[in-house]
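The values are calculated or read from the model by the stated rules, or taken from the named source; none is laboratory data. The shown structure was predicted, so the numbers you read here are calculated from the model rather than taken from an experiment. Please note: Cβ atoms are built from the backbone with ideal geometry, for glycine as well, and neighbour counts cover all protein chains shown. Ligands, DNA and RNA are excluded from the accessible area calculation, which covers all protein heavy atoms including side chains. Shrake-Rupley method; radii C 1.70, N 1.55, O 1.52, S 1.80 Å.
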Amino acid sequence: MKEFKYGWPVVGSSAVGIGLGMSPLPFYTIGVFVGPFMKEFGWGVDDIMLALSLFSVTALFTSPLIGALTDKIGVRKMVLISIVTFSLSFMAFSLNNGSKTLYLGLWILLAFLGSGTLPITFTRAVNRWFTKKRGLALGLSLLGTGLFGAVAKLFASFLIENYGWRTAYVGLALLPLLISLPLAFFFFRDTDDPKVRDKVDKMRKELGSTETFDKPKELEGLSFKQAMGDYRFWLLALSFIPISFAIGGPIPNFEKILDTKGFGTTDAVFLASLVGYSVIVGRLVGGYLLDKLWAPGVAAVIFLIPITACFIFQMDTLSYGYAALAITIIGISAGVEYDLMAFLVSKYFGMKNYSAIYGMLYGFFAIGAGFGPWLFGKSYAMTGSYSTIFSYAVFAFIAGAIPLLFMGKYRYE
């Protein structure tokens, strides 16, 4: 655990930065705004969730660019700039006047200006600080998605109920500026930052490394082109599409799903918030297991378990306990996604072009996560029920989990 003695500031600031970044805040809170939008503008659930599809398509193009740019200009500079641009673009959602064009355009703008707050950037530094406990460090750095996702959902609901949905967007957008920006400024630094020269040298000496700050070991890894030609890249890319669809699809729809089962607004919001807390469990358990066992095998098992949640949500009547259980199961699986991707990129493709490769893979992940909520909403609009789409999610989990077993041994230990 000596690595944590020196790397905890990066893990802590990353947890807050990712937790208040583009990955969880818009995604976890959109479900809370469904009711107000339907009431004020007369929009359907599928109309509202379509925004996440455009958001994900935009992220498909911006993520690799942000990753490549991060490798060139440095992760700290990218993070600090992106926190500000993400906050301002998220705050602009309060300007929505009922125009669907404006609403969808704001989501596209958010994807352009906020991609630097995705795990693509933060996990690069975490991977550089940690070797032996990399899985656990990644899990801890990604805890913020679950914690802040749950809290943001309740916070947004409180603001909407008392001050209106426009104020809620402003309040959510201020969180990164007031919390994650100061922490990132003071504590988030990569191992090649001159400000931590002495700390890095002391850490490497204590860990028995011959590497020094002035003579760093050359980063190992494939080039971006080599990664694109590796079957493992495409296996991961095509596996994450159905997995992210099956996990990401129901999460923004939880409030509406529970509404169809007879739950009131207060109970629905509270139950939906459980996904955030269960993500934390998934991060910790998954991070620990990634360091101990073969990561693709761990992932395959964890991504098959949510099939039980799909069957629960297809029940005609749903008790409070079963609802909580199903949401928790999906949340735990969601807690493994990002750190698994970061871990596998470092182990199979190396750190030399980590951000660019991770960014490209994230783009494929975003396809499933972005179109999933819209497909769930569309299915409800067409059938009046979520049962049909949950039956498709069962096959999606199987199609995404089983291929991971063919990843083979790690390339970079």
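Structure values in brief
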{"item": "Which listed residue, of LYS77, LYS39, is out of contact with any Lys or Arg (no Cβ under 6 Å at 6 or more places or on another chain), among the basic types (Lys, Arg) and farther than 15 Å from ARG189 by Cα", "result": "LYS39"}
{"item": "Restricting region 182-215 to residues that are β-branched (Val, Ile, Thr) and more than 19 Å from LYS77 (Cβ to Cβ), the residue that is surrounded by the most Cβ atoms within 10 Å (Cβ to Cβ)", "result": "THR212"}
{"item": "Lone qualifier among GLY287, GLY248, GLY282 - being buried (at least 16 other Cβ atoms within 10 Å of the Cβ), within 23 Å of the chain's Cα centre (by Cα) and closer than 15 Å to LEU325 by Cα", "result": "GLY282"}
{"item": "Residue within region 232-242 that is farther than 30 Å from ILE81 by Cα, at pLDDT 85 or above and surrounded by fewer than 16 Cβ atoms within 10 Å (Cβ to Cβ) present", "result": "yes"}
{"item": "Residues being under 23 Å from the mean Cα position of the chain (by Cα), open to solvent by 10 Å² or more (accessible area, probe 1.4 Å) and of a type outside the set (Phe, Trp, Tyr) - total across region 293-333", "result": "14"}
{"item": "Tally of residues being surrounded by fewer than 24 Cβ atoms within 10 Å (Cβ to Cβ), modelled with pLDDT of 80 or more and charged (D, E, K, R) across region 132-158", "result": "1"}
{"item": "Some residue of region 70-90 being among the polar types (S, T, N, Q), in contact (Cβ under 8 Å) with a residue 60 or more places away in the chain and in contact with a Pro (Cβ under 8 Å, 6 or more places away or on another chain)", "result": "yes"}
{"item": "Some residue of region 371-393 being open to solvent by 10 Å² or more (accessible area, probe 1.4 Å), under 25 Å from VAL57 (Cα atoms) and within 18 Å of the chain's Cα centre (by Cα)", "result": "yes"}
{"item": "Where a residue in region 337-350 is open to solvent by 10 Å² or more (accessible area, probe 1.4 Å) and its partner, wherever it lies, is outside any helix (DSSP H, G or I), with Cβ under 7 Å and at least six apart", "result": "TYR338/LEU142; LYS347/TYR410; LYS347/ARG411; LYS347/TYR412"}
{"item": "Pairs, first of a type in the set (Phe, Trp, Tyr) in region 258-279, second surrounded by fewer than 18 Cβ atoms within 10 Å (Cβ to Cβ) and part of a helix (DSSP H, G or I), C-beta under 9 Å, six or more apart", "result": "PHE263/TYR320; PHE270/LEU154"}
{"item": "Residue in region 193-211 that is within 21 Å of TYR338 (Cβ to Cβ) and out of contact with any Gly (no Cβ under 7 Å at 6 or more places or on another chain) present", "result": "no"}
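For every residue, the table says whether it meets (1) crowded, with 24+ Cβ neighbours inside 10 Å; (2) in a helix (DSSP H, G or I); (3) touching a strand residue (DSSP E or B) at 6+ places or on another chain (Cβ under 9 Å); (4) among the small types (Gly, Ala, Ser).
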residue: ILE18; (1), (2), (3), (4): yes, yes, no, no
residue: THR58; (1), (2), (3), (4): no, yes, no, no
residue: LEU69; (1), (2), (3), (4): no, yes, no, no
residue: MET78; (1), (2), (3), (4): yes, yes, no, no
residue: SER87; (1), (2), (3), (4): yes, yes, no, yes
residue: TYR103; (1), (2), (3), (4): no, yes, no, no
residue: PHE112; (1), (2), (3), (4): no, yes, no, no
